[in-house]
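The values are calculated or read from the model by the stated rules, or taken from the named source; none is laboratory data. The model shown is predicted, which means the values in this text are computed figures rather than measured ones. Here the Cβ positions follow ideal geometry from the backbone for every residue, glycine too, while neighbour counts run over all protein chains shown.
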Amino acid sequence: MRLGAPAVVLITVIPAFCSDPASDYFEMRVRPLLAKHCYACHTDAKKGGLQLDTREHALAVIVPGDPGKSRMVAAISYTDAKLKMPPSGKLADADIETLTTWIKDGAVWPTTPTKAPQYTITREQRAFWAFQPVKRTEAPRTGKWARTDIDHFILAKLDAKHLKRAAPADRRTLIRRAYFDLTGLPPTFAEVQAFAADRSPDAFARVVDRLLASPRYGEVGTALARYRAVLGRQAQSDRGGALSGGVPVSRLGGARVQR
């Protein structure tokens, strides 16, 4: 007896959650066809004085329950030499059957409006920096080693926090950083030596430009990301996140290229 009671409850409850099959047919099969082949001309454009955005408008060319008297069926079937829709080409037989069946079954067109969720933007959200109008901000003048306006902004913040800037990188470290950041690979010995010997003001800018134009730019980073994705899919999440190869997934998240 205890096993029988839940079955009765399920039988009586499940239908309450079932949606209307006719509405589902329209939303999943008919509306996509109208949107793809008809809406461009027969919504706001009203070509030929016809709109197909509501059932009331569509009644101008359909007779619910009677496809034979529906001008839409004649148009999409290309049986009328003067009325062929869509003009770009006849629909597939399956699509014609879909629309014909829909009309034959009463041309159900769900009219329940979909209410957009209400969302209020707070004053704090409106004040977020990314939403502010673009305006020019004068860079603070620190009178120190700054070479660009960005340097002045950074130095001003460092001073405000009573922090000292890091010492300038030597030329070997600088070129290695550029190579690892942009290609994931170290420079050759010859490239390091050439940069160290180049004292022109734009030497580093030319290195960066060359790396950005290189086919290796971003190549290794993409490969590592794909490798990590493959390993991630093999992870046994139900066993503490260990990979099938015995490597903890957490080690991948913190992996860095040593520079």
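Could you please tell me which pairs satisfy a Cβ distance under 6 Å, a separation of 6+ or placement on different chains, a first residue in the stretch 74-100 that is in contact (Cβ under 8 Å) with a residue 24 or more places away in the chain, and a second residue that is surrounded by fewer than 17 Cβ atoms within 10 Å (Cβ to Cβ)?
That search, which allows pairs on different chains as well, returns 98/29.
Quick one: is residue 100 modelled with pLDDT under 90 and either surrounded by 10 or more Cβ atoms within 10 Å (Cβ to Cβ) or under 23 Å from residue 28 (Cβ atoms) (or both)?
No, not satisfied.
Taking the condition of being outside any helix (DSSP H, G or I) and at pLDDT 90 or above, how many residues in the stretch 71-80 meet it?
Within the stretch 71-80, residues that are outside any helix (DSSP H, G or I) and at pLDDT 90 or above number 1.
Could you list, in sequence order, the residues of the stretch 152-195 that are part of a helix (DSSP H, G or I), in contact (Cβ under 8 Å) with a residue 60 or more places away in the chain and surrounded by 15 or more Cβ atoms within 10 Å (Cβ to Cβ)?
Selection gives 176, 180.
If you go through the stretch 70-79 one residue at a time, how many are more than 12 Å from residue 102 (Cβ to Cβ) and surrounded by 12 or more Cβ atoms within 10 Å (Cβ to Cβ)? Walk me through how you get there before you give the answer.
Restricting attention to the stretch 70-79, the residues satisfying the condition of being more than 12 Å from residue 102 (Cβ to Cβ) are 71, 74-75, 77-79.
Next, only the ones that are surrounded by 12 or more Cβ atoms within 10 Å (Cβ to Cβ) stay: 71, 74-75, 77-78.
Residues that pass the stated criteria total 5.
Say we look at the stretch 37-69 and pick out the residues that are hydroxyl-bearing (Ser, Thr, Tyr) and surrounded by 13 or more Cβ atoms within 10 Å (Cβ to Cβ); which of these is nearest to residue 89 (Cα to Cα)?
Among residues in the stretch 37-69 that are hydroxyl-bearing (Ser, Thr, Tyr) and surrounded by 13 or more Cβ atoms within 10 Å (Cβ to Cβ), the one nearest to residue 89 (Cα to Cα) is 39.
Do we find that residue 155 is touching a Lys or Arg at 6+ places or on another chain (Cβ under 7 Å), of a type in the set (A, V, I, L, M, F, W, C) and more than 28 Å from residue 220 (Cα to Cα) in this structure?
Here the answer is yes, as residue 155 does meet what is asked.
Restricting the search to the stretch 99-113, which residues are part of a helix (DSSP H, G or I) and in contact with a Ser or Thr (Cβ under 6 Å, 6 or more places away or on another chain)?
If the condition is that a residue be part of a helix (DSSP H, G or I) and in contact with a Ser or Thr (Cβ under 6 Å, 6 or more places away or on another chain), then 103 is the only one that fits.
Can you tell me which of 208, 257 is β-branched (Val, Ile, Thr), modelled with pLDDT under 70 and either within 30 Å of residue 136 (Cα to Cα) or in a loop (DSSP other than H, G, I, E, B) (or both)?
Numbers: 208 fails: modelled with pLDDT under 70.
Being β-branched (Val, Ile, Thr), modelled with pLDDT under 70 and either within 30 Å of residue 136 (Cα to Cα) or in a loop (DSSP other than H, G, I, E, B) (or both) holds for just one of 208, 257, which is 257.
Looking at (1) assigned to a loop (DSSP other than H, G, I, E, B); (2) at negative phi, which is the one condition that is false for residue 65?
Here residue 65 meets the rest and fails (2).
Being of a type in the set (Phe, Trp, Tyr) and under 30 Å from residue 72 (Cα atoms) is the requirement here; does residue 102 meet it?
So residue 102 fits the description; yes.
Of (1) surrounded by 10 or more Cβ atoms within 10 Å (Cβ to Cβ); (2) over 27 Å from residue 40 (Cβ atoms), residue 120 satisfies all except one. Which?
Unmet for residue 120, out of (1) surrounded by 10 or more Cβ atoms within 10 Å (Cβ to Cβ); (2) over 27 Å from residue 40 (Cβ atoms): (1).
Could you check the stretch 19-73 and list, in sequence order, the residues that are farther than 15 Å from residue 104 by Cα, touching a residue at least 24 places away in the same chain (Cβ under 8 Å) and among the acidic types (Asp, Glu)?
Answer for the stretch 19-73, where residues must be farther than 15 Å from residue 104 by Cα, touching a residue at least 24 places away in the same chain (Cβ under 8 Å) and among the acidic types (Asp, Glu): 20, 27.
Which of the residues belonging to the stretch 81-98 are under 12 Å from residue 33 (Cα atoms), outside any loop (DSSP other than H, G, I, E, B) and in contact with a helix residue (DSSP H, G or I) (Cβ under 6 Å, 6 or more places away or on another chain)?
The answer is 95, 96, 98.
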